[in-house]
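Please treat every number below as a calculation from the coordinates, not as lab data. Being a predicted model, the structure only gives us computed values, none of them experimental. Every residue, glycine among them, receives a Cβ derived from its backbone with ideal geometry; neighbour counts consider all protein chains shown.
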Amino acid sequence: MSNAAQIVIIGTGFSGLGMGIRLKEAGYHNFVILEQSDDIGGTWHENHYPGCACDVQSALYSFSFEQNPEWTRMFARQEEIKGYLKGCAEKYGLMEHIRLNTHVAGARYEERTGSWTVETCSSQELWAYMQNKGLKPGDALDRTDKALPAFDTLNAEVVVSGMGGLSTPAYPEIKGIESFTGKSFHSQDWDHDYDFRGKRVAVIGTGASAIQFVPEVAKEAAHLDLYQRTPPWIMPKPDREIRPLERMLFRKFPQTLNAFRQSLYWMLEGRVLGFVGNPRILKIGELQARRHIRSQIKDKELRRKVTPDFHFGCKRVLISNNYYPALARDNVDVLTDGIREVRGNVIVDNQGNEREVDCIIYGTGFKAQDPIPRKMIFGRGGQDLLDAWKEGAEAYKGTSVTGFPNFFMLMGPNTGLGHSSMVYMIESQVQYVLDAIKKMQKHNWKSVEVKDAAFRQYNASIHAKLGNSVWQTGCKSWYVNENGKNTTLWPGFTWQFRQQTRKFDAGNYRCEPATGAVTEEAAAIATA
């Protein structure tokens, strides 16, 4: 196996596969895609809990160049999305470029050569080591520990991160949780062998994953306690089966599928007017969400518990038709007093009430504010990427960071959406990175690095736009970090982002020729 590649891509979700497909179509073959799991699919492989599905319509949650006439539902379920991604990888010849079970332990930029050294190891061996040490995903490794698995090195001219922001599970800090004597797991690490029948289950968290798996667990468990910190706004889910006749029409007349996709795109795009333009528009959505509560929950006290007290849209708006009915079941209690501690098989709330449980499920989401772990990416002068992000994650066009040449992120800071499909944003960034690689090759540049002035100006404009958005109206969400800075969302229409990323703007980068001399003329020529 070669220990050198022109381009290293990390991850096999939509980002990594989309980048690989476009590279191959452009004639690039010397690239590898590193995947820590035993199969491709990214979050759609890692998350396989009961009820797991997408909250964006299937026709739009797919590559524009590989539209799928075979979706069976308006909102595809996990297994179908994973199958779609695997089909894309096989159709476009990516399997020969993918290295499964390969954990990226770190990547370091070498200033002398203008290249990256990527360290990898066996995922299975690392996971066994972490379990033995009691470590969780995202925890820093002690590189001096001789018990660590062996590391290999891979040299690359360019590194493209397709890891995504929702990849590292987040766990709550609860006193005594290590003393819990029952079964526990995060929604991303679902244990399908665990039998819920006759069990007392505690679910911690009420985010996007929890509202999908709670109804499924409630059907089987003897009793379910849902520990809710903040209730989400939930809208009805306009889901249904896509009939065989419709699928046949999409197969025989692809233009009808594209027209349907376009209609969905523009319908969803209109939501931006409420999120960023005039939040008062969102009052219509709030009224619909309140009706949804009233129509599905009869008990007034339970209605009160599940009704948010923050602006509609400030936190992620969720969609579900079966979550509220599940909470109204006789075997489900919604608990809002928090958790003081865990003692053995007992959870003690902040009022001192004790409840015995057999199983704890963490529906606590992901470390969206820490999309890349510490001690993983090192740029110029050995700077850790997280040290460059002391005030929160930032990137130029969600893609490049000053001090980290030849390093590009897909689904980077401030590219997330609260209204439409992330695949559209990913394709936009893929085009931008591909154009950068083409220009590097054409002009024989050893490295490209975004200029600090361009980096700062861009992010200042992003946060100025975010300042008037509904996301800054005071609620606590994973969109915003502890300093109140929104590091995740894009404050505008998605077509505006696509316009910005259509071409690599070399004039805003330091472009270093292979000779070693940095010239402003090089970037000017490429931009012209």
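Below is a table of values for the structure above.
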{"read-out": "Top positive-direction residue, dipole computed over the chain with Cβ charges, set Gln228, His192, Pro172", "value": "Gln228"}
{"read-out": "Cβ-defined net charge surrounding Met376, 14 Å radius [Lys, Arg +1; Asp, Glu -1]", "value": "0"}
{"read-out": "Contour minus Cα-Cα distance for Arg329 and Asp38 (0.36 nm per residue)", "value": "101.0 nm"}
{"read-out": "Charged-residue dipole, Cβ positions (Lys, Arg, Asp, Glu), the chain about Cα centre, Debye nearest 20", "value": "1760"}
{"read-out": "Where trypsin sites (Lys or Arg not before Pro) fall in DSSP loop in the range 232-315, at most 12 other Cβ within 10 Å", "value": "Arg240, Lys298"}
{"read-out": "Cut-off 12 Å between beta-carbons: net charge of the residues surrounding Asp358, Lys and Arg +1, Asp and Glu -1", "value": "+2"}
{"read-out": "Vicinal HN-Hα couplings computed from phi for the range 184-198 (Karplus, 6.51 cos²θ - 1.76 cosθ + 1.60; Hz; Gly/Pro x)", "value": "8, 7, 7, 4, 6, 10, 4, 9, 6, 7, 6, 9, 7, 4, x"}
{"read-out": "Net charge of neighbours whose Cβ lies under 15 Å from the Cβ of Gly418, counting Lys and Arg as +1 and Asp and Glu as -1", "value": "+1"}
{"read-out": "Gyration tensor (alpha-carbon) shape descriptor, the range 82-166, a/c threshold 1.5", "value": "oblate"}
{"read-out": "Separation in nanometres of the label points that stand 7 Å from Cα toward Cβ, at Gln351 and Glu391", "value": "4.3"}
{"read-out": "Alpha-carbon centroids, the range 449-509 and the range 40-58: separation in whole Å", "value": "27"}
{"read-out": "Cβ charges +1 (Lys, Arg) and -1 (Asp, Glu), total dipole of the range 231-350, debye", "value": "500"}
{"read-out": "Among Trp71, Gly382, Ile347 - extreme Cα towards positive end, dipole of the chain, charges at beta-carbon", "value": "Trp71"}
{"read-out": "Angstrom value of the Kirkwood radius, inverse mean 1/r, which spans all Cα pairs in the range 372-528", "value": "16.4"}
{"read-out": "³J(HN,Hα), Karplus 6.51/-1.76/1.60, whole Hz, each residue of the range 40-55, x for Gly, Pro", "value": "7, x, x, 4, 7, 9, 5, 9, 9, 5, x, x, 4, 7, 7, 10"}
{"read-out": "Using θ = phi - 60° and Karplus 6.51 cos²θ - 1.76 cosθ + 1.60, couplings along the range 402-413 (whole Hz; Gly, Pro as x)", "value": "4, x, 10, x, 6, 10, 10, 10, 9, 6, x, x"}
{"read-out": "Shape category assigned to the range 66-105 from the gyration tensor of Cα positions, a/c cut at 1.5", "value": "oblate"}
{"read-out": "Long-range amide H partners of Lys446 with built H, under 5 Å", "value": "Glu512, Ala514"}
{"read-out": "Low-density loop cleavage sites - GluC sites (Glu not before Pro) in the range 316-395, where at most 16 other Cβ are within 10 Å (DSSP)", "value": "Glu391"}
{"read-out": "Charge dipole (the chain, unit charges on Cβ, about Cα centre) - positive-most of Phe455, Leu287, Leu23", "value": "Leu287"}
{"read-out": "Whole-angstrom gap from the range 142-197 to the range 203-279, using each part's C-alpha centre", "value": "27"}
{"read-out": "Cα-based Kirkwood hydrodynamic radius, the chain, one decimal, Å", "value": "24.5"}
{"read-out": "Beta bridge orientation in the chain: antiparallel %, DSSP, nearest 5", "value": "45"}
{"read-out": "Between 0 and 90°, nearest 10: helix 422-442 axis offset from the chain longest Cα axis", "value": "10"}
{"read-out": "Restricting the range 214-250 to GluC sites (Glu not before Pro) in coil, as DSSP defines it, with at most 10 other Cβ within 10 Å", "value": "none"}
{"read-out": "Sites Met248 and Asp309, calculated FRET efficiency, Cβ-Cβ separation with R0 56 Å, nearest 0.05", "value": "0.70"}
{"read-out": "Helix 123-133 vs. the chain, principal-axis angle (Cα, 0 to 90°, nearest 10)", "value": "50"}
{"read-out": "Built amide H within the under 5 Å cut-off of Thr102, gap 5+", "value": "Glu35, Gln36, Ser37, Ser123"}
{"read-out": "Global form of the range 383-431, assessed from the alpha-carbon gyration tensor, a/c cut-off 1.5", "value": "oblate"}
{"read-out": "Cysteines without a disulfide-compatible partner [the chain; Cβ-Cβ under 4.7 Å]", "value": "Cys52, Cys54, Cys88, Cys121, Cys359, Cys511"}
